[in-house]
Amino acid sequence: LIGGAGGIGSWLTFFLARIGFSPIVYDYDVIEAHNLGGQLFRKVDIGKLKVLALADITRDFCGTEITVFTEKIDLNSPTHYFMFSAFDNMLARKEAFEVWKKSIPNCPVTPIFIDGRLELEQLQIFAVTPDKIAEYEAHLFDDSLVEDLPCTLKQSSHTAAMIATHMVGIFTNHITNLYSRRNIRNVPFYYEFYTPMTLTTLID
């Protein structure tokens with residue numbers, strides 16, 4: 001289950017669908033022209049709901065049908081023990097985490113909540129299993145503490161695709177460990193990567 005179909009969520013959905021998963025995606029937002037700089041959408045998708053355009057893209061490229069919800073994920077939303085947070089705000093992240101925690105008591109395997117956070121030159125990923133809940137909650141804070149940047153300074157297509165790639169890698173490592181019944185692949189609680197841009201000066 002993926003919360004958010006923007007920069008992180010659009011690429012994440014595509015990569016998961018490409019390797020055979022059928023994600024469930026929540027997002028109620030509409031595609032605008034400025035979204036094309038960092039999100040997996042086409043010019044013809046401008047004006048469409050993100051999840052509906054994403055369903056078309058994964059069907060065309062992957063032959064995969066995804067399940068979409070054109071609404072906000074909240075505390076009453078269905079839960080899943082494999083869940084991704086691809087939001088750009090902390091409130092939605094907190095609510096998605098509470099939804100995920102509801103899956104733990106009835107989960108037949110070790111559940112995981114993978115939270116991706118992206119700025120233009122930095123990405124962070126938290127991979128939360130039940131034993132890491134308290135540690136993760138220490139990294140949740142109020143949105144008022146975050147500087148509100150323009151959409152174009154939050155991500156580019158290659159950094160959004162990069163964080164989605166790492167999130168899929170962590171998830172498939174987790175799945176591999178579940179199938180093998182031992183920890184043979186690395187699933188770090190916290191992963192951070194910097195992608196500094198090169199500043200070029202143009203000379204007339």
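Annotations
- Enumeration of residues in segment 174-195 that are free of Cβ contacts under 8 Å to residues at least 12 places away in the same chain, in contact with a helix residue (DSSP H, G or I) (Cβ under 7 Å, 6 or more places away or on another chain) and not hydrophobic (A, V, I, L, M, F, W, C): Asn183
- Enumerated strands (runs of 3 or more DSSP E) restricted to segment 8-94, each holding at least 2 residues that are at pLDDT 95 or above and closer than 23 Å to Thr159 by Cα: 24-26, 82-85
- Of the residues making up segment 112-137, those that are hydrophobic (A, V, I, L, M, F, W, C) and part of a loop (DSSP other than H, G, I, E, B) number 1.
- Filter result (open to solvent by less than 30 Å² (accessible area, probe 1.4 Å) and under 26 Å from Tyr81 (Cβ atoms)) within segment 15-39: Leu16, Ala17, Pro23, Val25, Tyr26, Asp27
- Counted residues, segment 69-87 - those being surrounded by fewer than 20 Cβ atoms within 10 Å (Cβ to Cβ), within 26 Å of Asn106 (Cα to Cα) and either touching a Lys or Arg at 6+ places or on another chain (Cβ under 8 Å) or β-branched (Val, Ile, Thr) (or both): 1
- Filter pass, Thr129 being among the hydroxyl-bearing types (Ser, Thr, Tyr), touching a strand residue (DSSP E or B) at 6+ places or on another chain (Cβ under 9 Å) and open to solvent by less than 80 Å² (accessible area, probe 1.4 Å): yes
- For segment 101-111, filtered to residues that are hydrophobic (A, V, I, L, M, F, W, C) and either touching a Gly at 6+ places or on another chain (Cβ under 9 Å) or part of a loop (DSSP other than H, G, I, E, B) (or both), the residue that is least open to solvent (accessible area, probe 1.4 Å) is Cys107.
- Yes/no for Thr58 being within 18 Å of Pro78 (Cβ to Cβ) and of a type in the set (Val, Ile, Thr): no
- Consider segment 158-196 and keep the residues that are in contact with a Phe, Trp or Tyr (Cβ under 8 Å, 6 or more places away or on another chain) and among the small types (Gly, Ala, Ser). The one that is most open to solvent (accessible area, probe 1.4 Å) is Ala161.
The values are calculated or read from the model by the stated rules, or taken from the named source; none is laboratory data. Because the structure is a prediction, the values reported are computed rather than measured. Counting neighbours? That spans all protein chains shown, and the Cβs are built from the backbone with ideal geometry, glycine included. For accessibility, only protein heavy atoms count, side chains too; no ligands or nucleic acids. Shrake-Rupley method; radii C 1.70, N 1.55, O 1.52, S 1.80 Å.
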